[in-house]
Every structure is written in structure tokens, then in C-alpha cells.
Amino acid sequence: MKDKPKRTKPANRKPETQAEGKRVTLPRALSKLGYCSRTQAEALISAGRVSVDGRVVTDVEAWVDLAAAAIAVDGARVAAEKPVYLMVNKPRGLVTTRHDPEGRATVYECLGDHAGAHISPVGRLDKASEGLLLFTNDTEFANRLLDPETHVSKTYHVQVDRLVDADVLAAMVAGVMHDGDLLRARKAALLREGDRNSWIEVVLDEGKNRQIRRMLEALGIEVLRLVRVAIGSLELGTLEKGAVRTLTEAEVKALRG
């Protein structure tokens with residue numbers, strides 16, 4: 001019978017600012033390797049199912065050398081997955097999560113053969129929203145796109161329930177208050193209008209929850225459709241609704257900045 005890995009005391013902790021090389025916390029290591037999320041990793045570690053260099057580690061704050069450590073879950077070595085970068089044209093009516101407790105259809109139903117991989121959406125689109133949604137197992141790539149400090153723009157085409165004048169567009173750029181939050185757009189411009197409604201283009205460089213809907217609600221305007229058409233230089237283009245494709249190397253490089 002194969003000897004069980006020996007349990008060890010919590011590993012020495014080292015502040016991230018002093019970390020050398022590729023030292024990261026063990027939950028982050030499992031996430032960066034594409035095995036699971038950090039929350040799932042913490043549960044595995046606490047349950048004694050994770051070993052480092054043959055010794056079980058139960059300290060979720062333990063640090064490891066990602067480049068050198070042999071990390072295993074239930075005795076099986078965890079190897080780095082090949083980076084995956086996907087774009088999906090999310091249809092309206094799907095929720096942006098892998099498992100929904102209410103049993104609603106999710107965006108993972110669009111992923112086909114990729115659905116089983118440990119990939120996560122980069123940000124979210126609410127159930128009523130449509131358009132460009134990215135998926136990846138590259139956490140550094142995702143964090144860069146989501147970090148408000150990087151100011152990666154997100155462009156939306158929004159249909160509203162009335163004709164929009166210059167004052168409304170100016171107010172969106174200047175900023176409006178909603179539930180204690182100051183919400184503003186980098187850009188707001190009229191695309192086209194009919195007899196009773198308008199389409200506007202809104203560009204954001206921050207990602208507050210339901211930001212456009214809340215901004216327009218504060219101005220007394222109802223959103224009829226909301227479609228994300230671009231993230232940075234990456235455009236939704238002609239990708240059909242519900243379809244998925246892999247990003248090109250050039251597209252990934254451009255999003256990395």
C-alpha cells in the first residue's frame with residue numbers, strides 16, 4: 001500500500017510584497033494552475049486533500065513556489081493547464097455563472113466542448129444584457145481587464161424608451177448619483193433614433209454593478225436592450241448570438257496592453 005503523505009505544520013508565511021520569484025499562496029497557486037477557484041481551493045486545503053512536495057498542507061495561507069513546488073490533490077499531481085481565451089456572444093436570458101441555484105440557463109451552455117474546462121467569465125453581464133463576454137483560465141489576464149486602475153474600456157449599444165437629447169448625454173458623462181454611487185460614462189453618444197426610442201453608445205472605464213441601467217434609471221429613462229459590443233480593442237463583430245470562438249494571439253496581446 002502506498003504511504004500516505006505526511007501532514008506538516010503550516011508553512012512559513014511571507015508577505016506578498018517580499019515574495020520572490022513565483023511565490024504565491026497555495027489557494028492562488030491552484031487557481032493559477034487552472035485547477036479550481038481560490039474559494040474551492042481553500043475548501044480542498046482545509047479538508048486535507050492538498051499536498052505540497054509530498055506533505056499535506058492544511059493552512060490556506062501557506063506560500064509555495066509555483067515554479068518548483070509539486071502540488072497534488074488527492075494524490076494526483078496538478079499541472080498547469082494551457083491558457084484558454086474565449087469570447088462569447090451572450091444571448092439575453094442567460095445568467096453569468098456556472099451553476100445557478102434557481103436552475104436558470106447559464107452562459108456555460110454556450111461553451112460547447114469548453115464547458116468542462118476550469119474557465120471563468122471575465123466580469124459579468126446581467127440576465128437581461130447581451131453581447132461580448134470573455135472567458136479564461138488566466139487569472140492575471142482577467143484581473144488586468146477588471147482592475148479599475150487599468151481603465152480598459154467597455155463599449156455598449158443601448159436602446160432606451162425615449163428620444164435622447166444632448167442634455168441627457170452630457171449628464172451621463174458628468175455623472176449622476178444612484179443609491180449613493182456616483183456613476184459616469186467616459187463617453188455617451190447618439191447612434192440613431194426612431195419615433196419613440198433611441199440607440200446610444202456608452203463607453204465605460206469602470207465596472208460598477210448594473211452601471212448603465214442604474215445611471216439611466218436615475219435620469220428617468222428605461223433600458224429596452226443593452227448589448228456590449230467591445231472590450232478595449234476587441235470587438236464583438238459578426239460573431240453570432242450564442243456562438244463562441246477562441247481569441248487570436250494578437251487579440252490577447254492587445255488586451256494585455
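The values are calculated or read from the model by the stated rules, or taken from the named source; none is laboratory data. Just so it is clear, the structure is predicted and the values come from calculations on it, not from any experiment. Neighbour counts run over all protein chains shown; Cβ positions are idealised from the backbone, glycine included.
The residue of region 104-116 that is nearest to the chain's Cα centre (by Cα), among those that are surrounded by fewer than 16 Cβ atoms within 10 Å (Cβ to Cβ) and not in a helix (DSSP H, G or I), is 115.
Considering region 136-164 alone, what residues qualify as being part of a loop (DSSP other than H, G, I, E, B) and free of Cβ contacts under 8 Å to residues at least 12 places away in the same chain? Give the derivation first.
If we filter region 136-164 for residues that are part of a loop (DSSP other than H, G, I, E, B), which is where we start, we get 137-138, 147, 151-153, 161-164.
If the condition is that a residue be part of a loop (DSSP other than H, G, I, E, B) and free of Cβ contacts under 8 Å to residues at least 12 places away in the same chain, then 147 is the only one that fits.
Taking the condition of being at positive phi and surrounded by fewer than 17 Cβ atoms within 10 Å (Cβ to Cβ), how many residues in region 211-256 meet it?
Filtering region 211-256 for residues at positive phi gives 220, 232, 237, 242.
If we keep only those that are surrounded by fewer than 17 Cβ atoms within 10 Å (Cβ to Cβ) too, we end up with 220, 237, 242.
Number satisfying all stated conditions: 3.
Filtering region 34-65 to residues that are hydrophobic (A, V, I, L, M, F, W, C), closer than 25 Å to residue 136 by Cα and either surrounded by 18 or more Cβ atoms within 10 Å (Cβ to Cβ) or touching a residue at least 60 places away in the same chain (Cβ under 8 Å) (or both) leaves 36, 41, 44, 45, 50, 63, 64. Taking region 172-192 as the range and being within 15 Å of residue 221 (Cβ to Cβ) and buried (at least 17 other Cβ atoms within 10 Å of the Cβ) as the test, the residues that pass are 172, 176, 178, 183, 185, 188. Consider region 193-224. How many of its residues are among the basic types (Lys, Arg) and modelled with pLDDT of 95 or more? Total satisfying the criteria: 2.
Based on this model, can you work out whether residue 124 counts as in the same structural domain as residue 247 (by TED's automatic domain parsing) and surrounded by 15 or more Cβ atoms within 10 Å (Cβ to Cβ)? Here the answer is yes, as residue 124 does meet what is asked.
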